[in-house]
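Structure record follows, encoded as structure tokens.
Laboratory data are not the source of any read-out in this text; all were calculated from the coordinates shown. Quick caveat, the model's predicted, so the values are computed rather than measured. Using ideal geometry, Cβ is built from the backbone for each residue, glycine included, and neighbour counts are taken over all protein chains shown.
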Amino acid sequence: MLLYYFIIREKRNNFTGWTMFLTRLFISLVDICFYYFAAKVFTPSNLYDVKFDSLFLFATTGQLMMAVGLDALVSAQRNIRLMAGDGTFNLFLISPKPFWKILLLSQASTLMATFLMVIVDLLILKYLFKIPFTFLSFSLTFFVQLLFLPMLLAFGNIAASALIVMKRGTTAFGSIISIIGMVSGVYFPVTAYPETFSSVIKILSPYYHLLQITRDILDHGRLSSEALALSLSFCAAGVGLYFISISCLNWSIKKHKKDKKPLIFTQ
């Protein structure tokens with residue numbers, strides 16, 4: 001009874017709707033799971049496939065190697081929300097240039113800035129924390145990131161299409177980003193999970209493979225032939241999926257024009 005009263009009171013006082021309240025509870029659960037599995041992995045009594053010798057370095061390299069990929073996933077949604085906010089979205093829709101090209105140019109600008117930030121952070125790790133990264137490992141890492149970009153941009157376009165149609169979902173999408181980071185091995189290896197769950201992650205998540213390959217490059221300074229073949233296969237599949245995502249964008253824009261309603265996002 002007291003727990004029920006607490007939930008009702010918190011929802012009424014601090015949140016505008018049940019969706020936001022439940023999302024906040026879910027994010028808290030994700031945070032708790034992160035600390036639990038991180039503590040489980042980085043203890044002497046457990047042996048997992050940890051490539052680096054500290055939580056700091058493992059998590060830091062994980063965040064850096066995911067930065068471009070996650071930006072590729074969210075940049076389409078973010079740029080559409082900015083266009084809607086400053087009133088340029090409808091202007092771009094009547095432009096002779098296809099909307100997906102306009103969106104791709106804005107995504108390219110965002111990703112270039114993210115690439116530069118990752119380079120700066122890697123240099124900080126190299127020269128301030130004496131992590132032995134090499135120019136070759138830097139180059140190979142960004143080469144692999146580029147190979148994964150088409151697939152991740154395609155997922156971002158599909159998510160943006162859903163956002164245009166539903167005009168909601170920004171809070172839920174933020175939760176999905178948190179989940180992707182946790183289950184792809186950013187903060188701890190996926191071997192911390194039950195074997196069945198980790199096997200599903202290894203099959204379904206391109207972010208898992210992106211992290212594994214780029215971490216291996218930073219650790220050993222080389223790109224194996226198996227990792228190169230896998231990256232090229234993700235690139236080929238991503239190019240095909242990108243054309244499908246363009247079709248999704250075009251369909252969502254046609255539906256938006258047909259609805260004749262302003263693009264105002266809710267949570």
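Out of the range 229-258, which residues are aliphatic (A, V, I, L, M) and under 21 Å from Gly62 (Cβ atoms)?
Selection gives Leu230 alone.
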Review point. Can you spot a residue in the range 95-111 that is farther than 21 Å from Leu249 by Cβ and not in a loop (DSSP other than H, G, I, E, B)?
Key: no
Practice item. Go over the candidates Phe188, Phe234 one by one and state the one that is within 17 Å of the chain's Cα centre (by Cα), more than 21 Å from Ala72 (Cβ to Cβ) and either of a type in the set (Lys, Arg) or surrounded by 14 or more Cβ atoms within 10 Å (Cβ to Cβ) (or both). Key: Phe188
Practice item. Could you please give the count of residues in the range 121-155 that are in a loop (DSSP other than H, G, I, E, B) and either farther than 15 Å from Arg222 by Cα or touching a residue at least 12 places away in the same chain (Cβ under 8 Å) (or both)? Key: 6
Practice item. Select from the range 210-231 the residues that are touching a residue at least 40 places away in the same chain (Cβ under 8 Å) and crowded, with 17+ Cβ neighbours inside 10 Å and list them in ascending order. Key: Leu210, Leu211, Ile213, Thr214, Arg215, Asp216, Ile217, Leu218, Leu223, Ala227, Ser231
Review point. Can we say Ile203 is touching a helix residue (DSSP H, G or I) at 6+ places or on another chain (Cβ under 7 Å), assigned to a helix (DSSP H, G or I) and farther than 30 Å from Leu136 by Cβ?
Key: no
Review point. Which pairs do you get when a residue that is in contact (Cβ under 8 Å) with a residue 40 or more places away in the chain, found in the range 56-73, comes within reach of a residue that is of a type in the set (Asp, Glu) and surrounded by fewer than 23 Cβ atoms within 10 Å (Cβ to Cβ), reach meaning Cβ atoms under 6 angstrom, with the pair 6+ apart or on two chains?
Key: Leu64/Asp121
Practice item. Only residues that are over 22 Å from Ala159 (Cβ atoms) and surrounded by fewer than 16 Cβ atoms within 10 Å (Cβ to Cβ): list them for the range 100-125, please. Key: Leu116, Met117, Ile119, Val120, Asp121, Leu123, Ile124
